[in-house]
Amino acid sequence: MNFMTIASGSSGNCIYVGTDSTSILVDVGVSKKKIVEELNDINLDIRDVSGIFITHEHIDHIKGLGVISRAYNIPIYATEDTIDMIKQTSSLGTIDSDLFNSIVPDEMYSIGDINIKAHSIWHDAADPVCYSFFNNNNKVSIATDLGDYDDYIINNLKESDVLLVEANHDVRMLQAGFYPYNLKQRILGKRGHLSNEAGGKLIKELLNDHIKSIFLGHLSADNNYPELAYETVKCELADNKFSKDVRNFNLQVAKRSNRSELISI
């Protein structure tokens, strides 16, 4: 299975998961041009994408959905409430209703040789989810836009070979920053976003002896720095039972505007 972030941050998100025969996108919160170019860089054609899985309807996750759906007629998968909200997002333009496929959290779906399971999360959206992808005993999990997590999330994300987990903000930067009070409270709340520390604690719960790569994703442009997110999570993982050196987990920060390296497992 292959994994690559095309963009990950508060201004736009798109992730590629695939095999030699199946390609999937998770969220399309950046432009069609950007997605096409980044896929071309790894010798993939967007016309070969078998499905787009949407986590929730916030614009940084669906901004490119209208243009892409009209250009390529790629099936779209999301929860029913998320689909309803997407259809009400006028900035996307008209999307063919036949492209939408409703999914239910905790049920397994198959696209080509990839199995997909959605997991319910806390976030201030209609019915948000995160995802796990399975192929040949390999597992890739993507979990951003979580205000909090519990045993349900841990149990569903554990045993992953590749992880992308949110490290949205530094709490002190957010509290001292220019955001209005109500927005700060929303981000810090149970339906908001994981801080660097909380993301690190979740990752520590998910570590295993076969993990290949860990990405920190969905960083805030205003309340975080890549180096700060990395060092904070590194400190949270310092006393884990698997390795004293986080480089053994290939810990890295997903880039805001450029693709990551392509991970193959």
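The values are calculated or read from the model by the stated rules, or taken from the named source; none is laboratory data. Predicted model only: the values in this text are computed from it and were never measured. Here the Cβ is made from the backbone with ideal geometry for all residues, glycine too, and neighbour counts use every protein chain on show. Protein only, heavy atoms only, side chains kept; ligands, DNA and RNA dropped before computing areas. Shrake-Rupley method; radii C 1.70, N 1.55, O 1.52, S 1.80 Å.
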| Got the relative contact order for the chain handy, in percent, Cα pairs under 8 Å and 6 or more residues apart? | 19
| Reachable aspartates and glutamates from Lys241, Cα under 19 Å, same-chain residues fewer than 8 places away excluded? | Glu159, Asp161, Glu197, Glu205, Asp209, Glu231
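Please work out the ratio of the alpha-carbon Rg of segment 126-199 to 2.2 N^0.38 Å and round it to two decimals.
On the way: Rg = 14.3 Å, N = 74, 2.2 N^0.38 = 11.3 Å.
So the Cα radius of gyration is 1.26 times the expected 2.2 N^0.38 Å.
Whenever you get a sec, compute what percent of the accessible area on the chain sits on carbon and sulfur atoms (1.4 Å probe). Walk me through the intermediate numbers first.
Values: 5190 of 11220 Å².
Roughly 46 percent, rounded to a whole number.
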| Lys87: which aspartates and glutamates have alpha carbons under 13 Å from its alpha carbon, excluding same-chain residues fewer than 8 sequence positions away? | Glu57, Asp96, Asp98
| said: Over segment 207-265, what is the relative contact order in percent, taking alpha-carbon pairs closer than 8 angstrom and at least six residues apart? | reply: 50
| Gyration tensor over alpha-carbon atoms, segment 190-263, equivalent ellipsoid semi-axes in Å | 20, 16, 11
| Spin-label model distance (nm) - Asp222 vs Tyr152, 7 Å beyond Cα toward Cβ | 3.1
| Mean-position separation - Cα centroids, segment 86-149 and segment 1-43, in angstrom | 15
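Based on the Kirkwood radius over alpha-carbon pairs, what is the Stokes-Einstein translational diffusion coefficient of segment 179-226 at 20 °C with 1.002 mPa s viscosity, in µm²/s? Present the calculation step by step, with values, prior to reporting the outcome.
On the way: Rh = 12.5 Å.
Translational D for this selection: 172 µm²/s.
Percent relative contact order of segment 46-137, based on C-alpha pairs within less than 8 angstrom and at least six residues apart?
On the way: 149 pairs, mean separation 26.0, N = 92.
28 percent.
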| message | Exceeding 24 Å between C-alpha atoms, which entries from my cross-link table qualify? They are Lys212/Lys244; Lys139/Lys190; Lys33/Lys201; Lys63/Lys139; Lys32/Lys204. | response | Lys139/Lys190; Lys33/Lys201; Lys63/Lys139; Lys32/Lys204
| said: On the principal axes of its Cα set, how long, how wide and how thick is the chain? Give whole Å, largest value first. | reply: 49, 45, 33
| request: Could you work out the per residue convex hull volume over the alpha carbons of segment 24-178, in cubic angstrom? | output: 141
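Using unit Cβ charges (K, R positive; D, E negative) and no other charged atoms, how large, in debye to the nearest 20, is the dipole of the chain about its Cα centre? Display every interim value, and only then the final one.
Values: 25 positive and 37 negative charges, 124 e Å.
That gives a dipole near 600 debye.
From the gyration tensor of the Cα coordinates in segment 1-47, what semi-axes in whole Å does the equivalent ellipsoid have, largest first, with each one equal to sqrt(5λ)?
Values: eigenvalues 60, 28, 13 Å².
After diagonalising the Cα gyration tensor, the semi-axes are 17, 12, 8 Å.
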| Rg and Dmax of segment 145-247, Cα atoms only, in Å | 13.7, 43
